[in-house]
Amino acid sequence: MHVPKLLPFAVFATLAFVPTAPAAGNGALDRRFDKADINDNGEVDSTEFLALEPRSKSWVEAIYRFNLADIDHNGGLSLTEFRASNGGKEGGKPSRSQKFALADADEDGFLDPEEFARTLAQSKPWRKVLRDFGRKDHNDDSQLSFQEFGGGIVTPF
Ligand SMILES: [Ca+2]
Ligand SMILES: [Ca+2]
Ligand SMILES: [Ca+2]
Ligand SMILES: [Ca+2]
């Protein structure tokens, strides 16, 4: 936060205090935040956030909501961001093209099996990931195009 140098101390103290001030009715959410913040640095990063997610959810679904909740895009959720997003539960689900783009870590426009796994339930065994991958990889080049992924003929880029 940018604070002008000549701001009276009292005002500055109030501004600085607001984001961490306990608010009524947030008890359960705040406890969840404390529990999620494993390294106790006052922010829930993506790894800590993923640990909160049920294993039936895919990595891309979780990261999609994490990114929406991370309003200042600093890679972590402050308590304020955590509260505003109801613990990262707001935002719904990514579209197919958003899933594809999120999963494509090296941004080459294709998903390799590891990237593809990010679009499936985290609990899915690797052999099932590979089986699903093989079914979709019609040209057997060990890469899924957006079309093979099931995205239709429109590319996400
Ligand atoms: Ca943390
Ligand atoms: Ca943030
Ligand atoms: Ca890729
Ligand atoms: Ca392919």
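Readers should treat all values here as calculations from the given coordinates under stated rules, not as data from a laboratory. Small disclaimer: the values here were computed from a predicted structure and weren't measured. Positions of Cβ are backbone-derived with ideal geometry, glycine not excepted, and every protein chain shown enters the neighbour counts.
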**Asked** How big is the convex hull of the Cα atoms of region 21-157, per residue, in Å³?
**Response** 116 Å³
**Prompt:** For S56 and R135, FRET efficiency with R0 = 25 Å and r from the beta-carbon atoms, rounded to 0.05?
**Reply:** 0.75
**Request:** Tell me the label-point distance for the pair S95, N39, using the 7 Å Cα-to-Cβ offset, in nm and rounded to one decimal.
**Result:** 3.5 nm
**Request:** At q = 0.24 Å⁻¹, work out log10 I(q)/I(0) for region 96-151 with the Debye formula, treating every Cα as an identical point scatterer and leaving solvent out; two decimals please.
**Result:** -0.92
**Fill in**
On each of the three principal axes the extent of the alpha-carbon atoms of region 25-84, given in whole Å and largest first, is 29, 24, 23
**Message:** Within 13 Å, Cβ to Cβ, of D141, how many net charges do the neighbouring residues add up to if Lys/Arg are +1 and Asp/Glu are -1?
**Reply:** -4
**Message:** Highest mean first, how do 84-91, 50-57 rank when packing is the count of other Cβ atoms within 10 Å averaged over residues?
**Reply:** 84-91, 50-57
